[in-house]
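Note sheet for the following structure.
The values are calculated or read from the model by the stated rules, or taken from the named source; none is laboratory data. All of these numbers come straight from a predicted model, not from anything done at the bench. Cβ placement follows ideal geometry from the backbone for every residue including glycine, while neighbour counts extend to all protein chains displayed.
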Amino acid sequence: MRDRRRGGSSPRGAPERAGRGSDRGRRSDETPLIFGIHAVEAALANPQRIIRKLFLTDNAERRLHDALAARQLAHERVLPRDLDRRLGADTVHQGALIEAAPLSEPTLADLAEGAQGRPLIVLDQVTDPHNVGAILRSAAVFGAAGLIMTRRHSPPLDGALAKSASGALEHVPVSLVQNLARGIADLKALHFTVLGLDGSATEHLEESTWPERAALVLGAEGKGLRQLTHESCDRVVRIATDGAFASLNVSNAAAVALHWAAVGRLGLRRSPR
């Protein structure tokens, strides 16, 4: 149940130890943990995010003063070492930790309804939480309509992912599908054109006409798109490059592609005067 006490904070105390690092040994049924100033601030500002417990150091409490005042949520004061024990000494928690409830999960039809010309991002077994978090941040910056991942072979929607997303997890809806090929088929039934991003493609992303409803599929670092995913796409394209390296990190590739989509959507692809 959400703590509805108002104002102030409870006496100093350590959060209950979970006996794990930030994302090590995570199970999907565990309470989502959100840490880091920007991620916690965004969660506090999101009325859809149910917060069960909030732990703050004195410094984090000062930095989050406005967000705390707006949310009117009680919290427990802790020491940095208390959070180190809970999350692992190598975790950059910045003195702020939330035990939260998961956000409600949209369906593909929900994402389609909210797309309005903005692309969806589809991830094919991208398992690094830092990469997924960075992709969420780019999705928020460049106005993507949502993110789609598989229930398995994807990182949990908290922890290092939420920290790397820097608050974007609260703004970009995420839908989880059981089977990616079936999810892509469902997107096509919702009138999306599915574009796979692959360095071996012959067609350039920049030469493609972006459809009104577009879903951009990116594969895992190193492996790229799986064969069935590749075959499920309507078209496969690559980002134009002209340097010593021919490929980008998956999160950087997502940022470039989303920026290109935003440029077209905003009508900025004009010839220079």
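Does residue 165 fit the bill of being surrounded by 18 or more Cβ atoms within 10 Å (Cβ to Cβ) and either touching a residue at least 12 places away in the same chain (Cβ under 8 Å) or out of contact with any Gly (no Cβ under 9 Å at 6 or more places or on another chain) (or both)?
Considered against the rule, which asks whether it is surrounded by 18 or more Cβ atoms within 10 Å (Cβ to Cβ) and either touching a residue at least 12 places away in the same chain (Cβ under 8 Å) or out of contact with any Gly (no Cβ under 9 Å at 6 or more places or on another chain) (or both), residue 165 comes out as yes.
Counting only residues that are among the small types (Gly, Ala, Ser) and within 12 Å of residue 257 (Cα to Cα), how many does the stretch 196-212 have?
Residues that pass the stated criteria total 2.
Tell me, yes or no, whether the stretch 213-224 has at least one residue that is in contact (Cβ under 8 Å) with a residue 60 or more places away in the chain, loosely packed, with under 12 Cβ neighbours inside 10 Å and either of a type in the set (Lys, Arg) or not assigned by TED's automatic domain parsing to the domain that holds residue 154 (or both).
yes
With the requirement that a residue be part of a helix (DSSP H, G or I) and more than 18 Å from residue 197 (Cα to Cα), what does the stretch 121-148 give you?
129, 130, 133, 137, 140, 141, listed by residue number.
To keep it simple, each residue is scored yes or no on (1) of a type in the set (A, V, I, L, M); (2) at pLDDT 95 or above; (3) surrounded by fewer than 20 Cβ atoms within 10 Å (Cβ to Cβ).
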residue: 42; (1), (2), (3): yes, yes, no
residue: 46; (1), (2), (3): no, yes, yes
residue: 50; (1), (2), (3): yes, yes, yes
residue: 59; (1), (2), (3): no, yes, yes
residue: 79; (1), (2), (3): yes, yes, yes
residue: 87; (1), (2), (3): yes, yes, no
residue: 93; (1), (2), (3): no, yes, no
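Against the definition (in contact with a Leu (Cβ under 6 Å, 6 or more places away or on another chain), over 13 Å from residue 150 (Cα atoms) and not aliphatic (A, V, I, L, M)), how does residue 102 come out, yes or no?
Spelling it out, it is not the case that residue 102 is in contact with a Leu (Cβ under 6 Å, 6 or more places away or on another chain), over 13 Å from residue 150 (Cα atoms) and not aliphatic (A, V, I, L, M).
Name the one entry in 194, 132, 126 that is touching a helix residue (DSSP H, G or I) at 6+ places or on another chain (Cβ under 7 Å), surrounded by 22 or more Cβ atoms within 10 Å (Cβ to Cβ) and more than 29 Å from residue 45 (Cβ to Cβ). I'd like the intermediate steps shown before the answer.
Values: 132 fails: more than 29 Å from residue 45 (Cβ to Cβ); 126 fails: more than 29 Å from residue 45 (Cβ to Cβ).
Being touching a helix residue (DSSP H, G or I) at 6+ places or on another chain (Cβ under 7 Å), surrounded by 22 or more Cβ atoms within 10 Å (Cβ to Cβ) and more than 29 Å from residue 45 (Cβ to Cβ) holds for just one of 194, 132, 126, which is 194.
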